[in-house]
Amino acid sequence: MTVNKDFNGIQGRWKVVAANSGVPDNHHNVENGPELMFKKDGTFWSNMHSCQNGKYIVTKDTITLEYTCTDVEETTYRIQKHSYSLKNGILRMKESFLNCFEDCYYDYKKISN
């Protein structure tokens, strides 16, 4: 398994532009969405949760985020595994760590390298 290789240009700063919370036909655009930055050193920054830092691992079909905060209220979600795809400049991350019966995902658009 190859990890932390920059598959498809994942490294850089991304902003949520659309989402689906798991309800059928609930794809909706997001204005001023949260951001996620994948750094070259294998760490990430995100303003989606109260804990904003951690390490990430990328394989050919998954991105795993491991938040490094120990006082996180959402300790259940400290390690988050996502399947992902990159099409037409949109990074879609599907949340496989939640019990989501329909597609739960966030669509990110790269805003800088």
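Rule-based calculations on the coordinates, nothing more; no lab input. These figures come from a predicted structure and were not determined experimentally. Backbone-built Cβ (ideal geometry, glycine too); neighbour counts: all protein chains shown.
A cut-off of 5 Å between modelled amide H atoms, ignoring neighbours fewer than 5 places along the same chain, links Tyr108 with Val17, Leu91, Arg92, Met93.
The phi-based Karplus calculation (6.51 cos²θ - 1.76 cosθ + 1.60; θ = phi - 60°) puts the 3J(HN,Hα) values of segment 81-92 at 9, 10, 7, 8, 9, 10, 9, 6, x, 10, 8, 9 Hz, whole numbers, x for Gly and Pro. Using the Cβ-Cβ distance between Cys69 and Ser96 with R0 = 30 Å, the FRET efficiency computed as 1/(1 + (r/R0)^6) comes to roughly 0.90.
A full extension of the chain between Thr43 and Ser83 corresponds to an added length of 12.6 nm, given 0.36 nm per residue minus the alpha carbon distance.
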